[in-house]
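Visitor: Dropping a structure here in structure tokens format, bear with me for questions.
We did not get these values from a lab; they are worked out from the coordinates using the rules stated. Since the structure is predicted, the reported quantities are computational estimates derived from the model, not experimental observations. For neighbour counting, all protein chains shown are included, and Cβ atoms are generated from backbone atoms with ideal geometry for every residue, glycine included.
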Amino acid sequence: MKHLNITVNAICSIVINRPEVLNALNQETLEELHLAIQECYKREDVKGIIITGEGDKAFVAGADIKEIAAIPHEKAFEFSKKGQDLFKTIEDCPKPVIAVVNGFALGGGCELAMACHIRIATENAKFGLPEVSLGIIPGYGGTQRLAQLVGRGKALELAMTGDMISAFEAKEIGLVNHVVATKEDAIALAEKIMNKIFSKGPQAIAALIKSVNAGFGQEKEGYQAEAKNFAALTATQDFVEGTTAFLEKRKANFKGE
């Protein structure tokens, strides 16, 4: 695949490979990732999945802002829903999925990590949902999963300020499971955890994932609301200003229009 490096053994390793743009998620990469996850679903020799980013600078630095800025308003709900559906496929995978978060995990990258069952971060990892700086909101499930993981109050603070937090703060608030020194250490720990899970009954693991996810079934309307609100914001002048300012590398001047 063009934007993914995939190694398949008992553990399927999926590496987002767009280092020139800090592994940003464009639509082509999302489609490739969806195909890769679906293949892992089907293959009996694959028992678990590790998702990480190429290099040490970024897991996924976010969605592709040029693509977002060019979304026609009438296509924005579909754009959001497509990402939500992919990340729900990851979340509902009956096999364990671990994110190894190296460097920046911002916006869509943070949302991708949150969709995985377990998150292991390197000491240089940074997390955040900075979409409000673009005059938009997270559209790939971030408004729902962040609150599920860290609680409503902390989720609103992080999402409303757009603040970026360290791996250590992310662990402290429950956003990540483990923090280790290097990417090599993180992958080794992910493999250790995977192998421990592999020693258990696979049907029990699948049922456990399904049962835990069922506890958040009441949030279905929240995902719908997220996509609708994401779409509505693409019709505002603040969205145009926010994305333009980002691409022009200047501070946005929002007017609430």
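Visitor: What is the magnitude of the charge dipole of the chain about its Cα centre, with +1 placed on the Cβ of each Lys and Arg, -1 on the Cβ of each Asp and Glu, and no other charges, expressed in debye to the nearest 20?
Guide: The calculated dipole for the chain is roughly 500 debye.
Visitor: Could you check which residue among L146, L106, L233 shows the biggest mean-square fluctuation in a GNM of the chain with a 10 Å Cα cutoff?
Guide: L233
Visitor: Quick one: 3J(HN,Hα) in Hz for segment 29-39, Karplus 6.51/-1.76/1.60 with θ = phi - 60°, rounded, Gly and Pro as x.
Guide: 5, 4, 5, 5, 5, 4, 4, 5, 5, 4, 5
Visitor: Check V179: other-chain or 5+ apart residues with amide H under 5 Å from its amide H, H built from backbone geometry?
Guide: Under 5 Å from the amide H of V179 lie the amide H atoms of A121, each far enough along the sequence or on another chain.
Visitor: With a cap of 12 neighbouring Cβ atoms within 10 Å, and only residues DSSP puts in a loop, list the trypsin sites (Lys or Arg not before Pro) found in segment 159-228. List each step's numbers first, then the result.
Guide: Numbers: sites: K171, K183, K192, K196, K200, K210, K220, K228; in loops: K200.
Sparse-neighbourhood loop trypsin sites (Lys or Arg not before Pro): K200.
Visitor: Against the longest alpha carbon principal axis of the chain, how many degrees, from 0 to 90 and to the nearest 10, is the axis of helix 202-214 turned?
Guide: 30 degrees
Visitor: Next question. Within 10 Å of each candidate Cβ there may be at most 12 other Cβ atoms; applying that plus a DSSP loop requirement, which trypsin sites (Lys or Arg not before Pro) in segment 1-71 survive? Kindly include the intermediate steps, with their values, before the conclusion.
Guide: Values: sites: K2, K42, R43, K47, K57, K66; in loops: K2, R43, K47, K57.
Those satisfying the criteria are K2, R43.
Visitor: Angle check, please: helix 183-198 long axis (alpha carbons) against the longest principal axis of the chain (alpha carbons), in degrees 0 to 90, nearest 10.
Guide: The angle comes out near 50 degrees.
Visitor: Hey, what do the phi angles of segment 241-257 turn into as Karplus ³J(HN,Hα) couplings, whole Hz, using 6.51/-1.76/1.60 and θ = phi - 60°, x for Gly and Pro?
Guide: After applying 6.51 cos²θ - 1.76 cosθ + 1.60, I find 5, x, 6, 5, 4, 4, 5, 8, 6, 9, 6, 6, 10, 7, 10, x, 10 Hz.
Visitor: Pick from A245, A231, A125: which residue has the top mean-square fluctuation in a GNM of the chain where Cα pairs under 10 Å get a spring?
Guide: Among A245, A231, A125, the largest GNM mean-square fluctuation belongs to A245.
Visitor: To continue, here is another question. What angle do you read, to the nearest 10 degrees and between 0 and 90, between the alpha-carbon axis of helix 220-233 and the longest principal axis of the chain?
Guide: Helix 220-233 sits at roughly 40 degrees to that axis.
Visitor: Separation between the R152 and F198 pseudo-spin-labels, each 7 Å from Cα along Cα→Cβ, expressed in nm?
Guide: So the two model labels end up 4.2 nm from each other.
Visitor: Now a separate question. Could you list M114, M1 so that the one with the fewest beta carbons within 10 Å of its beta carbon is first and the one with the most is last? Numbers along the way, then the final one.
Guide: Values: M114 27, M1 14.
Going from least to most buried by this count: M1, M114.
Visitor: Starting from the Cα-Cα distance between K57 and E172, subtract it from 0.36 nm times their residue separation and give me the gain in nm to one decimal. Provide the component values of the computation, followed by the final result.
Guide: Values: separation 115, 0.36 × 115 = 41.40 nm, distance 2.21 nm.
Gain in length upon complete extension: 39.2 nm.
Visitor: OK, next. Please label the shape of the chain as rounded, prolate or oblate, based on the square roots a ≥ b ≥ c of the eigenvalues of the alpha-carbon gyration tensor (a/c under 1.5 means rounded; beyond that, a/b larger than b/c means prolate, else oblate). Spell out each step's value before the answer.
Guide: Values: a/c = 1.64, a/b = 1.54, b/c = 1.06.
Note, shape of the chain comes out prolate.
Visitor: Segment 1-50: which GluC sites (Glu not before Pro) are DSSP loop and have at most 10 other beta-carbon atoms within 10 angstrom?
Guide: Working: sites: E20, E28, E31, E32, E39, E44; in loops: E44.
Loop-located and lightly packed - E44.
Visitor: Rank I136, I193, I51 by mean-square fluctuation in a GNM of the chain with C-alpha springs under 10 angstrom and give only the top-ranked residue.
Guide: I193
Visitor: At what distance in nm do the modelled label points of Q38 and E123 sit from each other, each positioned 7 Å from its Cα along Cα→Cβ?
Guide: 4.2 nm
Visitor: Give the long-range amide H neighbours of C12: residues separated by 5 or more places, or on another chain, with amide H under 5 Å away, using H modelled in the peptide plane at 1.01 Å from N.
Guide: Those lying under 5 Å, H to H, from C12 are K47, G48, I49, I50.
Visitor: Further question: Given a Förster distance of 22 angstrom, what is the FRET efficiency for D45 paired with D92, based on the Cβ-Cβ distance and rounded to 0.05? Show your work: numbers first, answer last.
Guide: Values: r = 20 Å, r/R0 = 0.93.
Computed FRET efficiency for D45 and D92 comes out at 0.60.
Visitor: Please give the length that would be gained between R250 and E67 if that part of the chain were fully extended, namely 0.36 nm times their separation in residues minus their C-alpha to C-alpha distance (nm, one decimal). List each step's numbers first, then the result.
Guide: Numbers: separation 183, 0.36 × 183 = 65.88 nm, distance 1.86 nm.
Extending this stretch completely gives an extra 64.0 nm.
Visitor: If R₀ is 25 angstrom, what is the calculated FRET efficiency for the pair K210 and D185, using the beta carbon separation as r and rounding to 0.05?
Guide: On the way: r = 31 Å, r/R0 = 1.23.
The pair K210/D185 has a calculated efficiency of 0.20.
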